[in-house]
Each structure stands twice: as C-alpha cells, then as structure tokens.
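The values are calculated or read from the model by the stated rules, or taken from the named source; none is laboratory data. Because the structure is a prediction, the values reported are computed rather than measured. Every residue, glycine among them, receives a Cβ derived from its backbone with ideal geometry; neighbour counts consider all protein chains shown. Heads up: the accessible areas ignore ligands, DNA and RNA and are worked out on the full protein's heavy atoms, side chains in. Shrake-Rupley method; radii C 1.70, N 1.55, O 1.52, S 1.80 Å.
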Amino acid sequence: MQAPVRIAMWSGPRNISTAMMRAWGNRPDTFVVDEPFYAFYLKKTGTDHPGAKEVIAAGETDWRKIVANLTGPIPNGARIFYQKQMTHHLLPEISRDWLRDVTNCFLIRDPAEVIASYIKKNPEPELNDLGFVQQAEIFDFVRRQTGSIPPVIDADDVLRDPERMLRLLCDAIGVEFSDAMLSWSPGPRDTDGIWAKYWYAEVERSTGFQPYGKRKIELPKRLRELEQRCRQCYEQLHAVRLR
C-alpha cells in the first residue's frame, strides 16, 4: 500500500490556484481543502474581504487546530491530500514546524499579471496583499529544511501545456499522473470555500485550464515600484521552476 501524500501548494492571489485545485480534486484518490487558514487570517488581520464575517463564522480560527487537520488523517480515506494554500495567510505567529510534515510545492505567476487582475477588486494593493514576499520566505524555509529545491510551477507554463507540467509536478512529488487532472465538470464543489460565490464564477464555468494567451500589460505608474519588488521574489522561484 502506497504511503499517503500531503501536498501544500503555496500560491499568491489571482493565480490559477482554484483551477489547480479542480485538477487535483478530480482525481479519485485525492481529497482537497480550500485555503484552510483563510478564516484565521481574516479574523487576525481584520482585512475587509467580501463575506469576511461569514467566512470567519464558518471556518476554523485556531491555527493549531488547522495544522492538526492538515497533518492528521486524510479525509474520506484518500491517499492524497491536496491543500490549496495562500502564502499571505501563513501569518508570522503560525509555527512553520508542520511544513516538515507535508510536501510543499509552489505555484507562481508573473507579478504584472497578478497585479493587473488584483486591482480589479482592490485598486490600491499593498506588498503583503500579493503574497510574493511570503512565498519567497516559505520557499527559503522549505529549501533550508529539506536541503533541496521544492517543486515550483509557473502558471504560464501550465496554461501553455497543462499535461506536460502536471506530469512534471507529479513526477517531482512521487505520485502517478492521472488524465482526470486535465478536465472536469463545470459547477461548484462541496470542497470549495464558502467564499466561492464571491470569487469562483469563472472557475465554475470552466471544464479545464484556460488556453494560454499572451497579454501586454501596462500597470499604472503608481504600481510599478510595487511590481518590481514582487518581481524580485518571483524571479528567485522562476529560475528554478519545473520545465
């Protein structure tokens, strides 16, 4: 019998993280969890997100209990536990020790793309909102702990060739690739966070990863310094991505 695998996929906002959760959730051997630290993050920071009170009321706000769930028995008797994680939700007061008990992977996206999408919801983002600094910090922690480079995948690469990149990712973490990851039925999932109604309309219409399309992005001048600070972190991980 194969050993269980707990995958913590660390992403910032406005990435393809929910589509990636769909891909893994479509596997018969996998249970997925959607942003388990979100309620804790909202309660601790007071960040004004759509439905924040509802998310806090429905979610777990004790980070120790969250960690216990993420490292404990995998629900539904599944062999793989896929954890969709937001890097900015892992606040400094949360112990990093539990990261040794999961397989940490990193989903990155070009900062210009992230910011262009993010400002549709929040026109004045701050550095900590975008998750790049936190992603680099988690990456560095995992690399120090393991003595090796954890798997990194870039959203653009995934959209260009989903099968190739998902095969590379599966190989890197020691699980067999499944064709079920390439397409899924439209609609919501029971495993989606209660916040899905505010954020997941596009994914709920999808049946697979969107085709790649190169865009020319011109960010407002006021955001260019922010984009450059994010890019420093992004390029650190981009240089070692699976390809």
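Step by step: first the residues of the stretch 79-99, then only those that are hydrophobic (A, V, I, L, M, F, W, C) and not in a loop (DSSP other than H, G, I, E, B), then the one that is nearest to LYS44 (Cα to Cα). Which residue is that?
Ranking the qualifying residues of the stretch 79-99, first place goes to MET86.
Run down GLU204, GLU227 and say which single residue is without any contact (Cβ under 8 Å) to a residue 40 or more places away in the chain and either of a type outside the set (Phe, Trp, Tyr) or closer than 23 Å to ASP34 by Cβ (or both).
GLU204
Which numbered condition trips up VAL32, out of (1) more than 29 Å from CYS233 (Cα to Cα); (2) hydrophobic (A, V, I, L, M, F, W, C); (3) out of contact with any Leu (no Cβ under 8 Å at 6 or more places or on another chain); (4) in contact (Cβ under 8 Å) with a residue 60 or more places away in the chain?
VAL32 satisfies every listed condition except (1).
Kindly evaluate ALA39 against the criterion of being in contact (Cβ under 8 Å) with a residue 40 or more places away in the chain and crowded, with 16+ Cβ neighbours inside 10 Å.
no
Taking the condition of being open to solvent by 30 Å² or more (accessible area, probe 1.4 Å) and either modelled with pLDDT under 95 or closer than 25 Å to ILE108 by Cα (or both), how many residues in the stretch 47-74 meet it?
Total meeting the criteria: 6.
If you take the residues in the stretch 207-243 that are open to solvent by less than 50 Å² (accessible area, probe 1.4 Å) and small (Gly, Ala, Ser), which one is farthest from SER185 (Cα to Cα)?
It comes out as GLY213.
Go through the stretch 150-167 residue by residue and tally those that are of a type in the set (A, V, I, L, M) and either farther than 20 Å from THR103 by Cβ or not in a helix (DSSP H, G or I) (or both). Break it down into steps so the answer makes sense when it comes.
First pass over the stretch 150-167, keeping only residues of a type in the set (A, V, I, L, M): 152-153, 155, 158-159, 165-166.
Filter once more, so that each one left must be either farther than 20 Å from THR103 by Cβ or not in a helix (DSSP H, G or I) (or both): 152-153, 159.
The qualifying residues number 3.
Just for the stretch 33-69: of the residues that are in a helix (DSSP H, G or I) and β-branched (Val, Ile, Thr), which one is nearest to ARG189 (Cα to Cα)?
Looking at residues that are in a helix (DSSP H, G or I) and β-branched (Val, Ile, Thr), I get VAL55.
Which of the residues belonging to the stretch 121-136 are in contact (Cβ under 8 Å) with a residue 40 or more places away in the chain and either open to solvent by less than 60 Å² (accessible area, probe 1.4 Å) or over 24 Å from GLY51 (Cβ atoms) (or both)?
PRO125, LEU127, ASP129, LEU130, GLY131, PHE132, VAL133, GLN134, GLN135, ALA136
Please give the number of the condition THR191 fails out of (1) among the polar types (S, T, N, Q); (2) in contact with a strand residue (DSSP E or B) (Cβ under 9 Å, 6 or more places away or on another chain); (3) more than 25 Å from ARG79 (Cβ to Cβ).
(3)
Yes/no per residue for (1) modelled with pLDDT under 95; (2) of a type in the set (Gly, Ala, Ser); (3) over 14 Å from CYS105 (Cβ atoms):
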| residue | (1), (2), (3) |
| --- | --- |
| ASP154 | no, no, no |
| LEU159 | no, no, yes |
| ASP171 | no, no, no |
| ASP179 | no, no, yes |
| SER183 | no, yes, yes |
| PRO186 | no, no, yes |
| GLY193 | no, yes, yes |
| VAL203 | no, no, yes |
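When you scan the stretch 1-32, how many residues do you find that are in a loop (DSSP other than H, G, I, E, B), open to solvent by less than 20 Å² (accessible area, probe 1.4 Å) and of a type in the set (A, V, I, L, M, F, W, C)?
0
So which residues in the stretch 195-206 are open to solvent by 70 Å² or more (accessible area, probe 1.4 Å) and either hydroxyl-bearing (Ser, Thr, Tyr) or outside any helix (DSSP H, G or I) (or both), if there are any at all?
TYR198 - this is the single residue of the stretch 195-206 that is open to solvent by 70 Å² or more (accessible area, probe 1.4 Å) and either hydroxyl-bearing (Ser, Thr, Tyr) or outside any helix (DSSP H, G or I) (or both).
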